[in-house]
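The values are calculated or read from the model by the stated rules, or taken from the named source; none is laboratory data. Only a predicted model underlies this, so the values are computations on that prediction, with no experimental measurement involved. With ideal geometry, Cβ positions are generated from the backbone for all residues, glycine too; neighbour counts draw on all protein chains shown.
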Amino acid sequence: MPFITVKVPKKEMKLDIEKLGRDISDKTSLEMHRVNLMVEYHDKDTFFKGSGDDYPAVHLAAGAGNGQEFIQNLAKATANLVEEQLGLPENSVFAYCHPIEKGYLLVNGEFK
């Protein structure tokens, strides 16, 4: 069950989170009930990127059992959809992925 957090460096950059969730599901074939999505809005005193740009970052945590290809495709699709929704240049949003090994993901009271 992947968990995606989009960290947005400007509070005025508003994402339609429900549309983003639907679009992620459509673009990746990830069933809608498996999409877990959060958007965090920051301002200049809580978001610093050494590159100096003001583009969002995507954090993706997913069970390693999903496979590297699935996780990479999900990260790329999410970054592209965020760029599209916010009208940002292609390849401006970066993503970092954390594959979660078996036994380290608590779902419905059970470690998976």
Only one of Leu88, Leu74 is surrounded by 13 or more Cβ atoms within 10 Å (Cβ to Cβ), within 10 Å of the chain's Cα centre (by Cα) and at pLDDT 95 or above; which?
Leu74
Looking at Gly65, Gly52, which is the one that is on the phi > 0 side of the Ramachandran plot and modelled with pLDDT under 95?
Gly52
Go through the range 20-40 and count every residue that is exposed (fewer than 15 other Cβ atoms within 10 Å of the Cβ) and not in a helix (DSSP H, G or I).
5
Collect the residues in the range 45-63 that are of a type in the set (Ser, Thr, Tyr) and either in contact with a strand residue (DSSP E or B) (Cβ under 7 Å, 6 or more places away or on another chain) or in contact (Cβ under 8 Å) with a residue 24 or more places away in the chain (or both), keeping them in residue-number order.
Tyr55
Looking at (1) surrounded by 12 or more Cβ atoms within 10 Å (Cβ to Cβ); (2) part of a loop (DSSP other than H, G, I, E, B); (3) of a type outside the set (Phe, Trp, Tyr); (4) at pLDDT 95 or above, which is the only condition Lys10 fails?
(4)
Those residues of the range 26-46 which are closer than 15 Å to Gln85 by Cβ and hydroxyl-bearing (Ser, Thr, Tyr) amount to Tyr41
